[in-house]
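Below: one structure, written as structure tokens.
The values are calculated or read from the model by the stated rules, or taken from the named source; none is laboratory data. Worth saying up front: this structure is predicted, and the values here are computed from it rather than measured. Glycine also receives a Cβ, built like all others from the backbone with ideal geometry; neighbour counts cover every protein chain displayed. We work out accessible area using only protein heavy atoms, side chains counted, and drop any ligands, DNA or RNA first. Shrake-Rupley method; radii C 1.70, N 1.55, O 1.52, S 1.80 Å.
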Amino acid sequence: MLNFIIKTHQKDTVYKGNRIFILNKGMNNGKPQKEPFTNSFVIQFPNEEHAETVYWLAYSLWKSNFWHQSLCGSVIPFLRIHDFKKDFSAKVDETMQEHELHKKQVQVLRLLEQKEDQ
């Protein structure tokens, strides 16, 4: 079981430790990044390994448009933090049940990202 804290990112807030940011507005919602977005959630972790594992899980959910089903709003779609916490925690728990399979999938995702950069 991974330990993490999900909050709404506040502008000019400095976070210590390991964290990732998840975009929560627009059609790219759910996109993870190591640097903060203007409209994002921050997920804080106790160690780098947990942050890396969850980053790649978030990346795979974003690529598969998983969060599009939870969007609200007609002009600028957004993701509510309550919905995000509920669904994301469930996906993390599900992934950790099959951790070895997840590691293999992360390797494939990294390779795909490298190819896209080229």
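Screening residue 19 against (1) open to solvent by 20 Å² or more (accessible area, probe 1.4 Å); (2) in contact (Cβ under 8 Å) with a residue 40 or more places away in the chain leaves a single unmet condition, (2).
For the range 82-95, which residues satisfy the criterion of being among the aliphatic types (A, V, I, L, M) and either open to solvent by less than 50 Å² (accessible area, probe 1.4 Å) or in contact with a strand residue (DSSP E or B) (Cβ under 6 Å, 6 or more places away or on another chain) (or both)? Of everything in the range 82-95, just one residue is among the aliphatic types (A, V, I, L, M) and either open to solvent by less than 50 Å² (accessible area, probe 1.4 Å) or in contact with a strand residue (DSSP E or B) (Cβ under 6 Å, 6 or more places away or on another chain) (or both), namely 92. Of all residues in the range 27-71, those satisfying the criterion of being in contact with a strand residue (DSSP E or B) (Cβ under 8 Å, 6 or more places away or on another chain), assigned to a loop (DSSP other than H, G, I, E, B) and over 21 Å from residue 103 (Cβ atoms) are 29, 30, 31, 35, 36, 37, 39, 71. Could you say whether any residue in the range 45-65 is in contact with a Phe, Trp or Tyr (Cβ under 6 Å, 6 or more places away or on another chain) and surrounded by 16 or more Cβ atoms within 10 Å (Cβ to Cβ)? Yes, the range 45-65 contains at least one residue that is in contact with a Phe, Trp or Tyr (Cβ under 6 Å, 6 or more places away or on another chain) and surrounded by 16 or more Cβ atoms within 10 Å (Cβ to Cβ). Residue by residue through the range 97-112, note down the ones that are outside any loop (DSSP other than H, G, I, E, B) and either touching a strand residue (DSSP E or B) at 6+ places or on another chain (Cβ under 8 Å) or open to solvent by 50 Å² or more (accessible area, probe 1.4 Å) (or both). Result: 97, 100, 101, 103, 104, 105, 107, 108, 110, 111, 112.
Summed over the range 23-35, residues that are surrounded by fewer than 19 Cβ atoms within 10 Å (Cβ to Cβ) and on the phi < 0 side of the Ramachandran plot total 6.
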